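Reading through the structure tokens given below for one structure.
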Amino acid sequence: MEEKFLVSAIASEDYRKYIIENGIILSDRDMATLIFHNMQLCFDEKMEALQLLAQGTDEEELRTQINDGISRIESYLMGFRESNGNSYYELWKWDEDEYYYYNIGIFLDYDSAYWAGLKEGGSYKITKELFACKEIARDTAGVFGTIEYNPDGTRGERVWLYEVDGHGEFAGLGRMEFCRRGIGLPLCFKRGDIVRIMGTNTYGIVEEPNNSAEEEQIRKFAKKGDYSDFQVTVKKIYNGNRYLTVFAHAHVSPAQLEYAKLAEDDKRKGFLEYMAKTMLCTSVLSGTGRDGGRIPEVVSKIEKVWTQYPDLRLGQLLLNVCGPKDLFALEDEDLMKCFEENIFG
């Protein structure tokens, strides 16, 4: 059972390899949880994989939970497409460059919104909302929420639906029972590993766990919590070729991570490797590293020369003094030497 569903359960080839090589056994319930949360599978692929898992599992309770959950989801999907005259549909198109959805229209029926999105091309989503006046009048019966769609019109990864009855009672579709559980599997990726978040063009460096003790602590926490606790912290460095801020980070399941595969001549590769060796060891993140007492001395060296050439901007001054040297990799001692010599490059 395990080998057959491993690809559907774990998107990362690197993590699948780790699971297999270390002889880690996943129960059918673990497999179902991982399939449900696999962000690289579209919604229909998840449902198909779960149905196949239900047919083959020996766990009667799991089989019942899957079948009942899928039946309920299908009824919600039908309700989402139906309008009681109290709702409207918003169409949103995905902008890959800006990495967000923007609104392109409002419709009174589902079919019009669906076909308009398909005609636009690219990924899109449809949200179903109550008219404010109908909500005030308590005319609230129906299924509402959001469905994402792939460019070909098939349902994407995210389907979030909820039901409101005629009395305004809220009943969310939520997750199937077997998915509201922590699984606490080994994390595989460790501090300093250079990774890509799957399904994105985001590259970064794993910040934690730093050692076996930290991993064990995270795994214990995950077993007592939600699936979302099964994750590592990634310091995001690049979104495509765009450098992100020093504070950009994400909490990602190891099943959605892979080791970065960058060509030797890719400038991002050297930068990521340098960051992995240096930044994670500095006081910025860990409270240890270079002595902060050096800062006044470095600044005074720069100030002494800068006052002689006040019309220069700081960037111009650094480039003139340091010449062709790589400013990012230049150690402070070498920088001070350049200013002591006061030789313009």
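List of remarks:
- Residue within the stretch 17-33 that is open to solvent by less than 40 Å² (accessible area, probe 1.4 Å), modelled with pLDDT under 95 and within 24 Å of TYR162 (Cα to Cα) present: yes
Yes or no, residue by residue, for (1) of a type in the set (A, V, I, L, M, F, W, C); (2) outside any helix (DSSP H, G or I); (3) under 21 Å from THR154 (Cβ atoms):
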| site | (1), (2), (3) |
| --- | --- |
| LEU6 | yes, no, no |
| TYR15 | no, no, no |
| ASP30 | no, no, no |
| LEU41 | yes, yes, yes |
| LYS46 | no, no, yes |
| LEU53 | yes, no, yes |
| ARG63 | no, no, no |
| ILE73 | yes, no, yes |
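- Residue in the stretch 68-89 that is touching a residue at least 60 places away in the same chain (Cβ under 8 Å), closer than 21 Å to GLY199 by Cα and either open to solvent by 40 Å² or more (accessible area, probe 1.4 Å) or in contact with a Pro (Cβ under 8 Å, 6 or more places away or on another chain) (or both) present: no
- Members of the stretch 143-185 that are at pLDDT 90 or above and assigned to a loop (DSSP other than H, G, I, E, B): ASN150, PRO151, ASP152, GLY153, THR154
- Filter result for the condition that a residue is touching a Lys or Arg at 6+ places or on another chain (Cβ under 6 Å) and surrounded by fewer than 17 Cβ atoms within 10 Å (Cβ to Cβ), over GLU135, GLU148, GLU120: GLU120
- Within the stretch 284-295, restricting attention to residues that are loosely packed, with under 11 Cβ neighbours inside 10 Å and closer than 12 Å to ASP332 by Cβ, the residue that is modelled with the highest pLDDT is GLY293.
- Every residue from the stretch 211-270 that is among the charged types (D, E, K, R), assigned to a loop (DSSP other than H, G, I, E, B), touching a Lys or Arg at 6+ places or on another chain (Cβ under 9 Å) and modelled with pLDDT under 90: ASP226
- Flag if ALA260 is surrounded by 19 or more Cβ atoms within 10 Å (Cβ to Cβ), under 30 Å from GLU177 (Cβ atoms) and touching a residue at least 40 places away in the same chain (Cβ under 8 Å): no
The values are calculated or read from the model by the stated rules, or taken from the named source; none is laboratory data. The structure presented is a predicted model; accordingly, all values stated were derived computationally and were not measured. Positions of Cβ are backbone-derived with ideal geometry, glycine not excepted, and every protein chain shown enters the neighbour counts. To get the accessible areas, we keep the full protein, side chains included, count just its heavy atoms, and leave off ligands, DNA and RNA. Shrake-Rupley method; radii C 1.70, N 1.55, O 1.52, S 1.80 Å.
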